[in-house]
Amino acid sequence: MGGMTPTPPARRVLLAAPRGYCAGVDRAVIAVEKALEQYGAPIYVRHEIVHNKYVVQTLEKKGAIFVDETHEVPEGSIVMFSAHGVAPIVHEEAARRKLATIDATCPLVTKVHKEAVRFAQEDYDILLIGHEGHEEVIGTSGEAPDHIQLVDGPEDVAKVEVRDPSKVVWLSQTTLSVDETMETVDALKEKFPQLMSPPSDDICYATQNRQLAVKQMGADSDLVIVVGSRNSSNSKRLVEVAKLAGAREAYLVDFADEIEEAWLDGVSTVGVTSGASVPEVLVEGVLEWLARRGFEDVEIVKAAEESITFSLPKELRRDLRAEAAALSED
């Protein structure tokens, strides 16, 4: 046999940093655990506390009950609102049903709600950039439904109409693609040259940092695996960003056992990251799965430092069971 067979390129994993839990998710998940510790089960949670299958299943085992709507919660119970935030009408429903509430809305989402209220009071037309039907968008829109219209990507700009082009402002969902959002904003500015911007960017620090890390990593990866759930907006954006950054292929998985062996064909570099609602244990599972297939060498691709934390919802600092009981006696 003549000729040398070329040595296959070394297999390696690029691991994005930052990845996984952001401060708002960490706070919301701990809030459910603390509420269960402090007040005992059941704690009702309206909508998934964060968009992650594993987190929801884990909290259900501990005694959290997830419901779609407030009216499913028995009177006199404790209900928690998810990290994505709720419209004011939901707070009103809860009060009518005599529920004690814990609001685990991410403070960065609350910031967008407050902007919406303020611009509506000043009678602006508010163009909310976001995905139709996403819980965060429903909550923000509910703050000023008469003033807010949804713009779902650049292709939506053509149909936007406003009352007064000199009184228009844009706001956005916190978990969008940074690049696509700026594309939408540019298209809106072309149509409405006097368009105002929010006082500070609405896309949150964690969304931006995770996309930044994936951009750096995706350029050098044959395959990118994003750990996250199908209904997680920020996780789905990481898949899109990876592909745009030059990754040949990118997939979203909840767990390591969803990875298909065929994805590794002809692959020497695998990029790995996780969405903002994903616990690190799920990433470790993926790294172990890859290591068993010869991808043992792990390099960290670091795009930013994160040190931000949020204090727990104030309602966890007082006795809600007593308040709930008192409400139902009224």
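When you check G153 against the structure, is it open to solvent by less than 10 Å² (accessible area, probe 1.4 Å), out of contact with any Gly (no Cβ under 7 Å at 6 or more places or on another chain), without any contact (Cβ under 8 Å) to a residue 60 or more places away in the chain and not hydrophobic (A, V, I, L, M, F, W, C), yes or no?
yes
Among the numbered criteria (1) open to solvent by 40 Å² or more (accessible area, probe 1.4 Å); (2) within 20 Å of N52 (Cβ to Cβ), which one does A322 miss?
A322 satisfies every listed condition except (2).
So that you can scan it fast, the table gives a plain yes or no per residue for (1) of a type outside the set (F, W, Y); (2) surrounded by 24 or more Cβ atoms within 10 Å (Cβ to Cβ):
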residue: Y205; (1), (2): no, no
residue: V224; (1), (2): yes, yes
residue: D265; (1), (2): yes, no
residue: S268; (1), (2): yes, no
residue: W289; (1), (2): no, no
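Is the stretch 13-27 home to any residue that is farther than 27 Å from N209 by Cα and open to solvent by less than 10 Å² (accessible area, probe 1.4 Å)? Reasoning before the result, please.
Initial filter on the stretch 13-27 (farther than 27 Å from N209 by Cα): none.
So far as the stretch 13-27 goes, no, none of its residues is farther than 27 Å from N209 by Cα and open to solvent by less than 10 Å² (accessible area, probe 1.4 Å).
Go through (1) touching a Leu at 6+ places or on another chain (Cβ under 8 Å); (2) part of a loop (DSSP other than H, G, I, E, B); (3) on the phi < 0 side of the Ramachandran plot and name the single condition E143 misses.
Going through (1) touching a Leu at 6+ places or on another chain (Cβ under 8 Å); (2) part of a loop (DSSP other than H, G, I, E, B); (3) on the phi < 0 side of the Ramachandran plot one by one, E143 breaks only (1).
Results for (1) farther than 17 Å from S177 by Cα; (2) in contact with a strand residue (DSSP E or B) (Cβ under 9 Å, 6 or more places away or on another chain); (3) assigned to a helix (DSSP H, G or I), shown as yes or no for each residue.
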| site | (1), (2), (3) |
| --- | --- |
| A242 | no, yes, yes |
| G246 | no, no, no |
| V283 | yes, yes, yes |
| E288 | yes, no, yes |
| G294 | yes, no, no |
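For the stretch 103-140, name all the residues that are charged (D, E, K, R), assigned to a strand (DSSP E or B) and either in contact with a Phe, Trp or Tyr (Cβ under 6 Å, 6 or more places away or on another chain) or open to solvent by 50 Å² or more (accessible area, probe 1.4 Å) (or both).
D103
Which condition from (1) under 30 Å from K34 (Cα atoms); (2) outside any loop (DSSP other than H, G, I, E, B); (3) under 26 Å from the mean Cα position of the chain (by Cα) is the one that A324 breaks?
Just one mismatch for A324, condition (3).
When the residues of the stretch 4-51 are narrowed to those that are among the acidic types (D, E) and assigned to a helix (DSSP H, G or I), which ends up modelled with the lowest pLDDT?
E37
The values are calculated or read from the model by the stated rules, or taken from the named source; none is laboratory data. In this text the structure is predicted, and so the values were computed from the model without any measurement. Heads up, the Cβs are rebuilt from the backbone with ideal geometry, glycines too, and the neighbour counts pull from every protein chain shown. Heads up: the accessible areas ignore ligands, DNA and RNA and are worked out on the full protein's heavy atoms, side chains in. Shrake-Rupley method; radii C 1.70, N 1.55, O 1.52, S 1.80 Å.
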